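Read-outs: derived from the displayed coordinates by stated rules, not from any lab. Here the structure is a predicted model, which is why all the values come from computation and not from measurement. Cβ sites come from the backbone with ideal geometry, for glycine too, and all protein chains shown count toward neighbours.
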Amino acid sequence: SGQEPPSTDLITLTRHVLSDQLRLGSAATGDLTLLLNAIQLTSKFIATNVRKARLINLVGLAGETNVQGEEQKKLDVLSNDIMVNALRASGKTAVLVSEELEEAIVVEDLYKGKYCVVFDPLDGSSNIDAGVNIGTIFGIYRIRPDSDGTIDDVLRPGSEMVAAGYTMYGSSCNLVLSTGQGVNGYTLDAALGEFILTHPSITIPSRGKIYSFNEGNAMYFHPPVHAYLKSIKYPASGKPYSARYIGSMVADVHRTLLYGGIFGYPNDKKSKSGKLRLLYEAFPMAFLTEQAGGIATTGTQRILDIVPKDIHERCPVFLGSRDDVQELLKFYKDVP
Ligand code: AHM
Ligand code: MG
């Protein structure tokens with residue numbers, strides 16, 4: 001009996017990504033590693049602010065100004081500024097797209113690099129005040145070989161992303177990342193200030209027992225979604241599925257990657273294209289899902305095949321365990 005001694009050989013995110021790059025040999029310049037370092041830093045910075053914000057909210061009923069009399073920035077705006085500043089300063093980016101910014105940022109020549117980052121700096125922000133998990137979602141493209149960095153470098157299918165991931169600010173701070181060779185999860189060790197590899201090679205179970213939809217929208221859902229949900233709630237044999245819906249995409253997808261099942265945000269009679277944003281919500285999560293062995297679809301199309309026309313466009317999302325999503329797809333094929 002007795003416990004294992006603590007590890008003296010920690011695998012940090014940087015070490016892990018570097019060893020990947022070394023394996024890739026000559027093609028790798030280390031630029032992606034440096035960019036991912038900048039992203040890690042923003043996640044740590046946002047994580048501390050998320051923790052502080054709760055305290056400020058608890059004591060800060062006096063209004064929107066802090067003790068210095070400065071206006072308190074909303075956490076999502078603050079997170080956006082943190083990311084824009086760090087990504088620009090990394091010298092590795094050419095184009096930045098944020099949910100918080102109407103227009104894409106084209107990085108000035110002094111700082112210009114060869115990657116484009118699309119991100120939602122703080123997703124699920126309606127959950128902040130309740131202390132529920134929130135997260136940052138990001139996707140990374142390399143600029144096209146002939147480009148100086150324009151909006152066309154990000155109006156490309158998600159399958160062309162070179163990396164994607166999210167950071168979840170929850171009971172622990174977790175960064176989940178894919179550079180196209182599977183999915184790995186890291187947990188922030190606050191004392192070290194490092195993300196440590198804790199979830200190597202995440203693979204979605206081929207079938208789960210959980211469905212994750214906002215069924216409050218059921219009266220707007222289309223027939224295939226109704227029929228599918230009915231089939232898992234009133235199965236001909238076996239147990240019905242459990243419902244879990246946090247309303248924070250990062251948290252709902254994180255659980256789906258680890259436990260399996262299906263997450264869905266369909267288009268419906270009210271939201272013609274659904275709610276979630278293609279570029280910096282659906283694409284990164286679809287990328288991770290596929291890399292973990294799952295499926296991500298709109299119901300009629302593979303999400304990663306969509307060619308975006310607008311940086312802020314929306315798309316329907318169903319993702320998760322292979323068998324579960326395939327079952328949903330049958331309803332899309334068979335139910336008029
Ligand atoms: P946000 O970008 O305004 O935070 O909205 C995105 C969030 C996702 O995290 C989550 O999956 C979804 O909205 C929940 O929407 P709803 O409250 O309609 O169920
Ligand atoms: Mg969002």
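FRET efficiency for the A236 to S273 pair, using the beta carbon distance and R₀ = 35 Å, is estimated at 0.60. Are there trypsin sites (Lys or Arg not before Pro) in region 73-138 that DSSP puts in a loop and that have at most 15 other Cβ atoms within 10 Å, and which ones? Passing sites in region 73-138 are K73, K74.
Phi angles of region 208-221 translate, via the Karplus equation with coefficients 6.51, -1.76, 1.60 and θ = phi - 60°, into HN-Hα couplings of x, 10, 10, 10, 9, 10, 7, 6, x, 8, 3, 5, 9, 4 Hz per residue; Gly and Pro are given as x.
Measuring between alpha carbons in the structure, the pairs from K44/K230; K239/K330; K209/K333; K74/K275; K112/K309 lying more than 32 angstrom apart are K44/K230. For the pair region 215-272 / region 313-336, the C-alpha centres are spaced 10 Å from each other.
From the backbone phi of region 261-272, what are the Karplus-calculated ³J(HN,Hα) couplings (6.51 cos²θ - 1.76 cosθ + 1.60, θ = phi - 60°) in whole Hz, Gly and Pro given as x? Values, residue by residue: x, 9, 10, x, 10, x, 6, 8, 5, 9, 9, 4 Hz. Derived from the Cα gyration tensor, the three semi-axes of the equivalent ellipsoid of the chain are 31, 24, 23 Å, largest first. The DSSP beta bridges internal to the chain are antiparallel in roughly 80% of cases. Calculated [222 nm] ellipticity per residue, helices only, for the chain: -9500 deg cm²/dmol; basis is -39500 (n - 2.57) per DSSP H run with n ≥ 4, divided by all residues, nearest 500. Footprinting exposure proxy ranking of L36, L192, fewest other C-beta atoms within 10 angstrom first, gives L192, L36. Note on T300, T33, T93: ascending count of other Cβ atoms within 10 Å places them as T300, T33, T93, the fewest first. For the chain, calculate the relative contact order in percent as a whole number, restricting contacts to Cα pairs under 8 Å that are 6 or more residues apart. Answer for the chain is 15 percent. Annotation for region 260-325: trypsin sites (Lys or Arg not before Pro) lying in DSSP loop with at most 16 further Cβ atoms inside 10 Å of their Cβ are K269, K270, K309.
Helices meeting the span-like rule in the chain (full DSSP H runs, Cα extent of at least 20 Å along the helix axis, mean Kyte-Doolittle score of 1.0 or higher) are absent. Of the beta bridges in region 150-281, as assigned by DSSP with both residues counted there, near 70 percent are antiparallel.
Length available on full extension from E327 to Y111: 0.36 nm per residue minus the Cα-Cα distance, which gives 73.0 nm. From least to most packed, judged by other beta carbons within 10 angstrom and beginning with the fewest, S212, S159, S125 follow the order S159, S125, S212.
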